[in-house]
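Notes follow once the structure below has been shown.
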Amino acid sequence: MATDAGDPIPRFPAGFLWGVSTSAHQIEGAADERGPSVWDVFTAGPGRVKDGSTAAVACDHYHRYPEDVALLAGLGVDAYRFSVSWPRAGSPGGLDFYDRLVDELCAAGVRPVPTLFHWDLPASLDWLERDTAHRFAAYVSTVAERLNDRVSTWITLNEPAEHTLLGHALGVHAPGRRLLFDALPVAHHQLLAHGLAVRALRAAGAGDIGIANSHGPTWPASADPADVQAAAFYDTLLNRLFAEPLLLGEYPDGLGELMPSPDLAADLKTIAEPLDWYGVNYYAPTLVGAPLGTETESGGVPIPAELPFSVREITGRPRTDFGWPVVPEGLTELLCGFRARYGDRLPPIVITENGCSYEGLDDQDRIAYLDAHLRALHAAVAAGVDVRGYFVWSLLDNFEWAEGYARRFGLVHVDYATLERVPKASYHWFRDVLRAQR
């Protein structure tokens, strides 16, 4: 998907927030200087990570953060989305690291945007247990008390849908459970944790609070009613289940009664605490049909035959090195669809992740991908969707969960033997885009 310099990216509204994202477990390393997470336990098991690697060192951001903040400053972003490691924050002196990181970002003129949970649950906790939501709120209060004097924008959770589906329903991510629909309590407890965290942040005087939910259009494999019905069910599980409790204060029909709660109405009131903005992580649509009676695959993840849908291959599109189809117009479709579905219940949108895996320093395919998605995002803005910001995933090549180090999403190349950072062509391209937007 090579690209040539074309027309400039259309201008986004004044005050639009430009940033890049990372997460603690994927880049920090220094695993011996924090408590264990479910991902440490998971990766210690044989065959769970494709290259057999762990995130014990990763990019060693914990020790090299000044170098990485300098890269952010050179890139010219307004904001840096990182995550706070709950196991690190709970370890002696663990919050000192985030103090240093936030100070370094502020000195560089980059807004710190911490995500408070990005999948690295302390190994002693379990999202199947309701108490974990309350433990999360207590942890959030501690972090907010420490950082709120310098942090103005907060994210509660990252992708509770994926953490539920991949980690608890299908077992391909930590903690490695294969519960299928018995994983639904994990979804509810994460959403409850989000609402409790919003309250904890507000109590600490914090504002500008959002969540980073993953979403994508669901396309029926055909007009056959069985395919349309299967696609609607998939869309409910991956999109509506995680959006509507937040935005509407209710679960999609039939799902609320499956949730473990002593008082569901009270839980939903907590979950629907007002947000200042709604974060969307977008990568690709999903083509869904009726069950085929055999296992299918979505983004390298096996979809069991016993589920009431199958995932089909989107053909005729370029693919990233991860095998994901490149469908930039799906971002326009998604955002316009959300606006039509939720109307004035939809807060302003921030794209909290968008990116792709490609090899090489001269990563023209990544440039083409980001260029096309920014144009698709601008089309949504032109259609009337209130979009306030865009974050590229990711600043650095990193530990890509069950894929290990085989996938490179970074604007900056990391040599995992020497830990040397080298900006790619896409880094310089994005820097120039940001200069032109100002």
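The values are calculated or read from the model by the stated rules, or taken from the named source; none is laboratory data. None of the values given here were measured: they were computed from a predicted structure. Positions of Cβ are backbone-derived with ideal geometry, glycine not excepted, and every protein chain shown enters the neighbour counts. Note: areas computed on protein heavy atoms with side chains; ligands, DNA, RNA excluded. Shrake-Rupley method; radii C 1.70, N 1.55, O 1.52, S 1.80 Å.
Taking every residue in region 223-236 that is among the hydroxyl-bearing types (S, T, Y) and pairing it with any residue that is open to solvent by 80 Å² or more (accessible area, probe 1.4 Å) and part of a helix (DSSP H, G or I), at least 6 positions away or on another chain, yields no pair with a Cβ-Cβ distance below 8 Å.
Yes or no, residue by residue, for (1) of a type in the set (G, A, S); (2) closer than 23 Å to W39 by Cβ; (3) in a loop (DSSP other than H, G, I, E, B):
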| site | (1), (2), (3) |
| --- | --- |
| D371 | no, no, no |
| G384 | yes, no, yes |
| N398 | no, yes, yes |
| Y405 | no, yes, yes |
| Y416 | no, yes, yes |
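Of all residue pairs spaced 6 or more apart or on separate chains, those with beta-carbon atoms under 9 Å, a first member in region 310-330 that is over 13 Å from G289 (Cβ atoms) and outside any loop (DSSP other than H, G, I, E, B) and a second member that is at pLDDT 95 or above and among the basic types (K, R) are P325/R317; P325/R319. The single condition from (1) aliphatic (A, V, I, L, M); (2) open to solvent by less than 20 Å² (accessible area, probe 1.4 Å); (3) within 20 Å of V280 (Cβ to Cβ) that A379 fails is (2). Of (1) at pLDDT below 95; (2) under 30 Å from G249 (Cβ atoms), V288 satisfies all except one. Which? Failing condition for V288: (1). Among the residues of region 72-96, those that are without any contact (Cβ under 8 Å) to a residue 60 or more places away in the chain and either assigned to a helix (DSSP H, G or I) or basic (K, R) (or both) comprise A73, W86, P87, A89, L95, D96.
When the residues of region 290-317 are filtered to those that are open to solvent by 50 Å² or more (accessible area, probe 1.4 Å) and in contact with a Ser or Thr (Cβ under 6 Å, 6 or more places away or on another chain), the one that is farthest from D227 (Cα to Cα) is L292.
Among the residues of region 128-167 satisfying the criterion of being assigned to a loop (DSSP other than H, G, I, E, B) and not β-branched (V, I, T), which is least open to solvent (accessible area, probe 1.4 Å)? Explain how you work it out, then say what you get.
Kept after step one, since they are assigned to a loop (DSSP other than H, G, I, E, B), are these residues of region 128-167: 128-130, 148-153, 159.
Filter once more, keeping what is not β-branched (V, I, T): 128-130, 148-150, 152, 159.
On the way: L128: 54, E129: 107, R130: 70, N148: 37, D149: 119, R150: 59, S152: 61, E159: 16 Å².
Top of the filtered list is E159.
The one condition from (1) outside any helix (DSSP H, G or I); (2) surrounded by 23 or more Cβ atoms within 10 Å (Cβ to Cβ); (3) of a type in the set (D, E, K, R) that D267 does not meet is (1).
Test Y369 against the stated conditions and say whether it is surrounded by fewer than 18 Cβ atoms within 10 Å (Cβ to Cβ) and among the hydroxyl-bearing types (S, T, Y). Write out each step before concluding.
On the way: surrounded by fewer than 18 Cβ atoms within 10 Å (Cβ to Cβ): no; among the hydroxyl-bearing types (S, T, Y): yes.
So Y369 fails the test.
Annotation note: of A183, A223, the sole residue that is among the small types (G, A, S) and outside any loop (DSSP other than H, G, I, E, B) is A183.
Let's see how each residue does on (1) closer than 29 Å to G52 by Cα; (2) open to solvent by 20 Å² or more (accessible area, probe 1.4 Å):
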residue	(1), (2)
V392	yes, no
Y405	yes, yes
R408	yes, yes
L411	yes, no
V414	yes, no
E420	yes, yes
K424	yes, no
F430	no, no
A436	no, yes
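Does any residue of region 181-199 turn out to be over 21 Å from V113 (Cα atoms) and either among the hydroxyl-bearing types (S, T, Y) or at pLDDT below 95 (or both)? No, region 181-199 has no match at all. Figure legend. Inter-residue proximity from region 40-52: first residues modelled with pLDDT of 95 or more, second residues among the hydroxyl-bearing types (S, T, Y) and assigned to a loop (DSSP other than H, G, I, E, B), beta-carbon distance below 9 Å, spacing 6+ or different chains. Indicated pairs: D40/T54; T43/S53; T43/T54; A44/T54; D51/Y405. Restricting attention to region 28-77, the residues being crowded, with 17+ Cβ neighbours inside 10 Å, within 25 Å of W127 (Cα to Cα) and of a type in the set (D, E, K, R) number 4.
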